[in-house]
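For reference, the structure is listed below as structure tokens.
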Amino acid sequence: MRKLKKPTDRVEDVFLDCISNIESSDFKKKLQSCISEISCATEEFEIKVETNQLHTIRKMNTIAGIVTKDEMCKVYTDKMAKKSAPGRKYYDTYMALPKNGICPLCGQRVVSTLDHYLPKKKYPTLAVTPSNLVPACKDCNKDKGEKEFENSAQETVHPYFDDIESDVWLYAKIIEENEVAFTFYVQKPESWTDTMYQRVKNHFSMFKLKALYGSHSAEEISSLKGLLTKLYKRTGSNGVSDQLKEYYESNKEVHLNSWKTAMYRALYKSKWFCEEWIEKQ
Ligand SMILES: [Zn+2]
């Protein structure tokens, strides 16, 4: 759940660029006549996203009874997402927003698509709205699918509008078995409202982050086993704990709530890991 800079393009410019090479002048005029509807929908979206009221936006099958949802979805697919489409420059710009190409929804996999925060099939007026288009990896895009929000608590974290990077909320718990593994969970920072807490928990579960972080952390610790065992022989449990604390601090500098930060925090503080487990290896 990483913050991204919100695109500054006006939806009117994006929409007009997208439809600029439509040959049928009747169809083009029909689309052009929807511009104020699209503009108002974007305004409503940007007001309601700030107060977590997006679930109150009405779903639609047409735009002003003029353009069907299928026609509008095709504008996005053929005129924005397709390579060499007139709106592709916007698509490429939004895809390039995350640092190192990492998906802002999971913070792990690589961006490969744009996700409609409110699905275009249910909210066709928002099909080309820049603030509704979030760069995402394929898995996150698929996990969310066409799901809609029924209340504020269900509204997942929006990378352009929500900034939850300065509070610690992601924690790892060590599963104390022969092979070390971790379970990850969200804990509410004092400054958060209950709604924020519910939203982050819903985000965590919708994008299956517990399983994703669980796998990666298990891989990470097994790759460190040899190094930590040698270190234990040389320096004892204090040396192991100090080394893990350094990994924690280095990761924390980059992302306060990455699974690595949470994992190393749990490890360096664990007497069981730094003494008992490592002794047995
Ligand atoms: Zn992702």
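Go ahead and estimate [θ] at 222 nm for the chain from helices alone: -39,500 (n - 2.57) per DSSP H run with n ≥ 4, summed, over the residue count, rounded to 500. Before the final figure, lay out the partial values.
Working: 9 runs with 123 residues, N = 281.
My calculation for the chain gives -14000 deg cm²/dmol from helical runs alone.
Can you pull the three principal axis extents for the Cα set of the chain, in Å, largest first?
Largest first, the chain extends 79, 39, 27 Å along its Cα principal axes.
Report the full-extension gain for the segment Lys121 to Lys138: residue separation times 0.36 nm, less the Cα-Cα distance, to one decimal in nm.
Numbers: separation 17, 0.36 × 17 = 6.12 nm, distance 1.81 nm.
Here the answer is 4.3 nm.
Which loop-located GluC sites (Glu not before Pro) does region 14-92 contain, where loop means any DSSP state but H, G, I, E or B and the Cβ has at most 14 other Cβ atoms within 10 Å?
Glu23, Glu50
Count neighbours as other Cβ atoms within 10 Å of each site's Cβ, and list the chymotrypsin sites (Phe, Trp or Tyr not before Pro) in region 198-251 that are DSSP loop with at most 14 such neighbours. Don't skip to the answer; put the middle values down first.
Details: sites: Phe204, Phe207, Tyr213, Tyr232, Tyr247, Tyr248; in loops: Phe207.
Of the chymotrypsin sites (Phe, Trp or Tyr not before Pro), not one in the loops of region 198-251 has a Cβ with at most 14 other Cβ atoms within 10 Å.
Give the carbon-plus-sulfur fraction of the accessible surface of the chain in %, rounded to a whole number; probe 1.4 Å, heavy atoms of protein chains only. Show your work: numbers first, answer last.
Values: 6590 of 13930 Å².
Carbon with sulfur: 47 percent of the solvent-accessible area.
Using Cα pairs under 8 angstrom and six or more residues apart, how large is the relative contact order of the chain, in percent?
Details: 410 pairs, mean separation 50.0, N = 281.
Relative CO of the chain lands at 18 percent.
Testing the spin-label approximation: label points 7 Å from Cα along Cα→Cβ at Ile35 and Glu148. State their distance in nm.
The answer from the label model is 2.9 nm.
What whole-number value in Å² describes the accessible area per residue of region 11-149 for a 1.4 Å probe?
Working: 6380 Å² over 139 residues.
Value for region 11-149: 46 Å² per residue.
Under the classification rounded if a/c is under 1.5, otherwise prolate if a/b is larger than b/c and oblate if not, where does region 11-149 fall, given a ≥ b ≥ c as square roots of the Cα gyration tensor eigenvalues?
On the way: a/c = 1.97, a/b = 1.29, b/c = 1.52.
Since a/c reaches 1.5 but b/c is at least a/b, the shape of region 11-149 is classed as oblate.
Relative to the first principal axis of the alpha-carbon coordinates of the chain, what is the inclination of helix 35-48, with its axis defined by its Cα atoms, in degrees from 0 to 90 and to the nearest 10?
30 degrees
With a cap of 15 neighbouring Cβ atoms within 10 Å, and only residues DSSP puts in a loop, list the chymotrypsin sites (Phe, Trp or Tyr not before Pro) found in region 57-135. The partial results should precede the final answer.
On the way: sites: Tyr76, Tyr90, Tyr91, Tyr94, Tyr117; in loops: Tyr117.
The qualifying sites: there are none.
The values are calculated or read from the model by the stated rules, or taken from the named source; none is laboratory data. Please read these numbers as outputs of a predicted model, since none were measured by experiment. Every residue, glycine as well, gets a Cβ built from its backbone with ideal geometry; the counts of neighbours run over all protein chains shown. Heavy atoms of the whole protein, side chains included, go into the accessibility calculation; ligands, DNA and RNA do not. Shrake-Rupley method; radii C 1.70, N 1.55, O 1.52, S 1.80 Å.
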